[in-house]
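The values are calculated or read from the model by the stated rules, or taken from the named source; none is laboratory data. Since the structure is predicted, the reported quantities are computational estimates derived from the model, not experimental observations. No Cβ is skipped: glycine too gets one built from the backbone with ideal geometry, and neighbour counts run over all protein chains shown.
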C-alpha cells in the first residue's frame, strides 16, 4: 500500500473526499455500525457531484455537522488493494479540513456514533492510509 500527495489532479480522477475534522479543538472520528474501529469522515463521490459537495455531504451524513467551515488541504492517492478499492490501481481523493461549530443530535448514515478525542485513536479502520492523511495535514499546518 502506498499513499502519495499532490497539489492537484484532473477533477475527473477525484473519486473520494476525506475530511479531517475538529469540534471544540477535539478530533472527530466515526465508528461504523459494523466495525469496532475508528475512521475519518469521508466517502465516494456521486455522479454529477462536485468533490466539495461530496465532502460537505459526507461530513454531514457521517458526523451530523450542521454548521462548519471547510477547506481543501491537498489531493491524495492510494495504490494497492483495500476495502474501498479492489484493484491495485492508483485511486485519487481530495483531503479537506473542517472546523465544526454545530452538530446534529442524530446521524443519518451507516455510522453508529462519532467520538471526540484529544489524541488520535490507535484502532483505525484504514491503518495504512488515514494516519498518513493526518500526518500530511499536520505537516502542512506547520508550514
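Which of the residues spanning segment 80-94 are modelled with pLDDT under 95 and under 17 Å from the mean Cα position of the chain (by Cα)? Listed by number, the residues that qualify are 82, 83, 84, 85, 91.
No other residue among 77, 50 is closer than 19 Å to residue 124 by Cβ and over 11 Å from the mean Cα position of the chain (by Cα) apart from 77.
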